[in-house]
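These notes are about the structure you will find just below.
The values are calculated or read from the model by the stated rules, or taken from the named source; none is laboratory data. Keep in mind that what you see is a predicted model, and the values were worked out from it rather than measured. Every residue, glycine as well, gets a Cβ built from its backbone with ideal geometry; the counts of neighbours run over all protein chains shown.
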Amino acid sequence: MVVLRPADANETVAAWRIAIGRKKGPVALILTRQGLPVLGLDKYPGIPAGVPLGAYTLADCPADAKPDIVLVATGSEVHLALEGRDRLANEGVQARVVSMPSTNIFASQPDHYREKILPAGAPLLVIEAGATLGWKSYIGPQIDVIGVDTFGASAPGAVVMEHYGFTVENVCKQAHVVLDRLKVKA
């Protein structure tokens, strides 16, 4: 089964095209109930070509900079990653944001493409409002995951998200934890 978790209306259009064009096996299109801003194609022109690859660089560092950390997000958490990227830039940390609407499709891409998106050895912070299970084995040990490994919280959406650490403040804090941990090992 191919699972697609788009970040906004534009990624949903691209995901829908994948779903209706797929000839083998089922497709699950996982959408959010919350209202999300649309990622404008003028600012993020890589969406139509990137979604069919499973993951793509949505926002990168300036052309002359190497990312200090890569923020990988799925679905509605992509917006949080973008906000975190902006705040980290104000703190002197260069972050790349990778939107990963489909781990299944990304895993099937050639090694050179996966390496281009997620460079080997790059510090990674995954933002996933779901289970963290599988992320470290999928991407590697040099990451941290903001995720949810419990269930049963009941409150308005914003309260639950804050409870689980899905805030810009926590994204930045966890990014610094990852970077500090790697400095200690170096």
Cβ-Cβ below 9 Å, separation at least six or inter-chain, first residue in the range 13-24 and modelled with pLDDT of 95 or more and surrounded by 13 or more Cβ atoms within 10 Å (Cβ to Cβ), second basic (Lys, Arg) and part of a loop (DSSP other than H, G, I, E, B): which pairs? Ala15/Arg5
Collect the residues in the range 157-182 that are over 11 Å from Ile127 (Cβ atoms), small (Gly, Ala, Ser) and touching a residue at least 60 places away in the same chain (Cβ under 8 Å), keeping them in residue-number order. Gly157
Within the bounds of the range 123-141, is there any residue that is modelled with pLDDT of 95 or more and closer than 23 Å to Asp180 by Cβ? no
Some residue of the range 156-174 being at pLDDT below 75 and of a type outside the set (A, V, I, L, M, F, W, C): yes
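Looking at Ser76, Ser99, can you tell me which residue is touching a Phe, Trp or Tyr at 6+ places or on another chain (Cβ under 8 Å), crowded, with 19+ Cβ neighbours inside 10 Å and among the hydroxyl-bearing types (Ser, Thr, Tyr)?
Details: Ser76 fails: touching a Phe, Trp or Tyr at 6+ places or on another chain (Cβ under 8 Å).
Step by step, each of Ser76, Ser99 is checked, and only Ser99 is touching a Phe, Trp or Tyr at 6+ places or on another chain (Cβ under 8 Å), crowded, with 19+ Cβ neighbours inside 10 Å and among the hydroxyl-bearing types (Ser, Thr, Tyr).
Of everything in the range 80-101 that's in a helix (DSSP H, G or I) and in contact with a strand residue (DSSP E or B) (Cβ under 8 Å, 6 or more places away or on another chain), which residue is farthest from Asp60 (Cα to Cα)?
So in the range 80-101, the residues in a helix (DSSP H, G or I) come out as 80-90.
Checking which are in contact with a strand residue (DSSP E or B) (Cβ under 8 Å, 6 or more places away or on another chain) leaves us with 80-82, 84-85, 88-89.
On the way: Leu80: 15, Ala81: 12, Leu82: 10, Gly84: 13, Arg85: 9, Leu88: 12, Ala89: 11 Å.
The residue in question is Leu80.
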Given (1) part of a loop (DSSP other than H, G, I, E, B); (2) in contact (Cβ under 8 Å) with a residue 12 or more places away in the chain, identify the lone condition not met by Pro48. (1)
If Val177 satisfies all but one of (1) among the hydrophobic types (A, V, I, L, M, F, W, C); (2) crowded, with 18+ Cβ neighbours inside 10 Å; (3) farther than 29 Å from Gly35 by Cβ, what's the number of the condition it fails? (2)
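Whether any residue in the range 48-57 is touching an Asp or Glu at 6+ places or on another chain (Cβ under 8 Å) and of a type in the set (A, V, I, L, M, F, W, C) is what I want to check.
Kept after step one, since they are touching an Asp or Glu at 6+ places or on another chain (Cβ under 8 Å), are these residues of the range 48-57: 51.
Subset that is of a type in the set (A, V, I, L, M, F, W, C): 51.
Yes.
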